[in-house]
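**Q** Just dropping this structure here.
Read the figures in this text as sums done on the coordinates, not as results from a lab. Note that the structure is a prediction, hence the values are computed from the model and not measured. Cβ: placed from backbone, ideal geometry, glycine included. Neighbour counts: every protein chain shown.
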Amino acid sequence: ENKKLVEEVLEAYPKKAKKDREKHFQINTEEAQSCGTCALKSNIKSRPGVMTPRGCSYAGSKGVVWGPIKDMVHISHGPIGCGQYSWGTRRNYANGTLGIDNFTAMQITSDFQETDIVFGGDKKLEVIMREITEMFPLAKGITVQSECPVGLIGDDIEAVSKKMAKELDMPIVPVRCEGFRGVSQSLGHHIANDAIRDFVLGKAELAETGPYDVNIIGDYNIGGDAWASRILLEEMGLRVIAQWSGDGTLNELEIAHKAKLNLIHCHRSMNYMVDHMEKAYDIPWMEYNFFGPSKTYESLRAIAARFDATIQENCEKMIAKHKPAMDAIINKYKPRLENKKVLLMIGGLRSRHTIGAYEDLGMDIVASGYEFAHKDDYERTFPMMKEGTIIMDDPTAYELEELAQKLNVDLVGSGVKEKYVYHKMGVPFRQMHSWDYSGPYHGFDGFKIFAKDMDMTVNSPVWNLIRKKEK
Ligand code: ICS
């Protein structure tokens, strides 16, 4: 039935485009699961002429991985636009004093002019680096986040960074994340991971190590998510020595190799690092999911199982302590949200990681899609979804709109680019990148807010007013 629906939507395309886009859809069947994800194409170039939801490499490095490191200054190197439009949009919260030891809410750009394109921007970059150390004496380091023209004109940011690191006596990290590299922001994650590996990881030591030292990897503290996660691990008796990269510091990047276990939330954006630390430092890693109580209990227990009886007892105690509050939230909101149909389309992780939280509230994920997921993400997604649901890769704006209407969904969860179209259609919508300026959504603290937000959105009386007007 859903297969026919997808076919109908794709019918509007010219033959070649239809054939191409067909490969990015999969109906979740046992057969599809057993063949792996052989039928679903992902991580390939978006089709020219249709509206892709994807971002670029620079977004993946500056916006996602490096940007949240709060005590370094990240230079958006190139023309003004990339810096301006990536300024403060990702809600990666950080403690500290703005401009003193926290630069996450600032935007520093080399603001390329025509002369920089013609004669090169290297000289300018040196000047900016000196200015940064004068203006922000407590900045611990600098990164250079390359925008497209830097690669096109062949500037040698590596040489500048090396020279200036010596002169200014601080880590200066050149990152080759020019937007044209790769097919989405995903390669930017990889490039940023490689730069962490090559320039900072292992560069500092930890005075004292312990048996319970862990890293949080791939939590960017969107709306305070990393804080809501960290307290759970600490309540269990673990010591978080590094938090990557939400509310993170240069030092946390440098000492992470001293942990006993890497705990990774966003596998898509930081799997490269946990792989590397496993190979180079023999640190095991495991994935976890702190969206919704079911997944949180499951993850906490799996994490505790990696440690001794003390931690395991703490874990059970803690679950017993929080469970009544979680049950109360479910009892309150489930009757209002049960069987509501949800369509999700997010970046590379949340399209599967948030499913459990919706299901805890009795909601039904009928379709889920990613902007830039890879094969390994889809392999993790298929088993999480119900038989017959639609899984989409890099869906176009048109495809999403048509599907949402044909599936008659009660809620769409996606990003700001999508949001207002659905509002105008009278379809309840939540931003699942920024949490719609709410959050956190991780952990027990987060679920309380998640449930309230979904109820507030789905059951708002305003949708009926819009829908009636149409008729
Ligand atoms: Fe990972 Mo928006 Fe994360 Fe994921 Fe990643 Fe992005 Fe955001 Fe989205 C992200 S790192 S910015 S969990 S915090 S690039 S919401 S894959 S697309 S689903």
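**Q** Can you list the aspartates and glutamates whose alpha carbon sits under 12 Å from that of LYS62, skipping same-chain ones fewer than 8 residues off?
**A** Reachable aspartates and glutamates: GLU147, GLU178.
**Q** Past 28 Å, Cα to Cα, is the threshold; run LYS41/LYS203; LYS424/LYS452; LYS123/LYS417 against it and keep the listed order.
**A** Where the Cα-Cα span goes over 28 Å, the pairs concerned are LYS41/LYS203; LYS123/LYS417.
**Q** Please count, across the stretch 268-372, the pairs of lysine residues with Cα atoms under 25 Å apart that sit 8 or more places apart or on different chains.
**A** Taking the Cα cut-off of 25 Å, the pair count is 15.
**Q** How about the stretch 11-89: which trypsin sites (Lys or Arg not before Pro) there lie in a loop by DSSP and see at most 14 other Cβ atoms within 10 Å?
**A** LYS23, LYS45
**Q** Amide H neighbours of GLY248 under 5 Å, at least 5 residues apart or on other chains, H built in the peptide plane: list them.
**A** Correct list: LYS70.
**Q** Mind giving me the nanometre distance, one decimal, between the label points for LYS375 and PHE119, set 7 Å out from Cα along Cα→Cβ?
**A** 5.0 nm
**Q** Quick one: give the max-minus-min coordinate of the C-alpha atoms of the stretch 273-395 along each principal axis, largest first, in Å.
**A** If we take the Cα atoms of the stretch 273-395, the spans are 41, 40, 20 Å.
**Q** Additional query: In Å and on Cα atoms, what radius of gyration and Dmax does the stretch 87-222 show?
**A** For the stretch 87-222, the Cα radius of gyration and maximum Cα-Cα distance read 16.4, 55 Å.
**Q** Still on this structure, please answer the following. Mind checking the stretch 311-398 for trypsin sites (Lys or Arg not before Pro) that DSSP puts in a loop (not H, G, I, E or B) and that have at most 15 other Cβ atoms within 10 Å?
**A** LYS386
**Q** Follow-up question, since we're still on this one. What distance in nm separates the two pseudo spin-label positions at ILE100 and GLU235, each 7 Å out from Cα along the beta-carbon direction?
**A** 3.1 nm
**Q** Based on Cα positions only, what radius of gyration and what Dmax would you give for the stretch 18-58, in angstroms?
**A** In order Rg, Dmax, the Cα atoms of the stretch 18-58 give 12.6, 38 Å.
**Q** Next up: Cut-off is 10 Å between beta-carbons; in what order do PHE382, PHE290, PHE429 appear when sorted fewest neighbours first?
**A** Going from sparsest to densest Cβ surroundings: PHE382, PHE429, PHE290.
**Q** Applying 1/(1 + (r/R0)^6) with R0 = 51 Å to the Cβ-Cβ distance of LYS323 and GLU126, what FRET efficiency is obtained, to the nearest 0.05?
**A** Once rounded, the FRET efficiency stands at 0.35.
**Q** Let me ask something else. Tell me which residues come under 5 Å, amide H to amide H, from GLU287 once H is placed; ignore anything under 5 positions away on its chain.
**A** Placed amide hydrogens put ILE264 under 5 Å from GLU287.
**Q** How do THR89, THR354, THR115 line up, fewest other C-beta atoms within 10 Å first?
**A** THR115, THR89, THR354
**Q** Calculate log10 I(q)/I(0) of the stretch 13-137 for q = 0.11, 0.18 Å⁻¹, where I(q) comes from the Debye formula with a single equal point scatterer on each Cα and nothing for solvent.
**A** -0.61, -0.98
**Q** For THR310 and CYS35 in one chain, what is 0.36 nm times their gap in residues minus the Cα-Cα distance, to one decimal in nm?
**A** Stretched fully, the THR310-CYS35 segment lengthens by 94.8 nm.
**Q** Can you put ARG181, ARG467 in order, fewest other beta carbons within 10 Å first?
**A** ARG467, ARG181
**Q** Now, a different point. Pop a pseudo-label 7 angstrom from the Cα along the beta-carbon direction at both ASN331 and MET51 and give the gap in nm to one decimal.
**A** If labels sit at ASN331 and MET51, their model points lie 4.5 nm apart.
**Q** Just how many % of Cα pairs in the stretch 258-345 lie over 22 Å apart, if you round to the nearest whole percent?
**A** For the stretch 258-345, the fraction of Cα-Cα distances above 22 Å is 45 percent.
**Q** Okay, moving on. List residues of the stretch 385-423, by number, whose backbone nitrogen lies under 13 Å from a label position 7 Å along Cα→C-beta of GLU8.
**A** Under cut-off, by backbone N: 402-409.
**Q** Mind listing which GluC sites (Glu not before Pro) in the stretch 207-302 are in a DSSP loop and have 10 or fewer other Cβ atoms within 10 Å?
**A** GLU208
**Q** Next question, about the same structure. Past the 35 angstrom mark, what percentage of all C-alpha to C-alpha distances in the chain do you count?
**A** 34 percent
**Q** Relative contact order for the stretch 1-144 using alpha-carbon pairs under 8 Å, separation at least 6, rounded to a whole percent?
**A** 21 percent
**Q** Further question: Can you give the local net charge around GLN185? Use residues other than it whose beta-carbon is closer than 13 angstrom to its beta-carbon, Lys and Arg +1, Asp and Glu -1.
**A** +2
**Q** Here is a follow-up. Throw me the Rg/Rh for the stretch 181-335, computed over C-alpha atoms with Kirkwood Rh, two decimals.
**A** Dividing the radius of gyration by the Kirkwood radius yields 1.00.
**Q** Local charge sum around SER434 (other residues, Cβ-Cβ under 14 Å, Lys/Arg +1, Asp/Glu -1)?
**A** So the environment of SER434 carries a net charge of +2.
**Q** Over the chain, what relative contact order in percent results from Cα pairs under 8 Å that are six or more residues apart?
**A** 18 percent
**Q** Suppose we take every Cα in the stretch 237-301 and form the convex hull; what volume per residue is that in Å³?
**A** In the stretch 237-301, the Cα convex hull volume per residue is 100 Å³.
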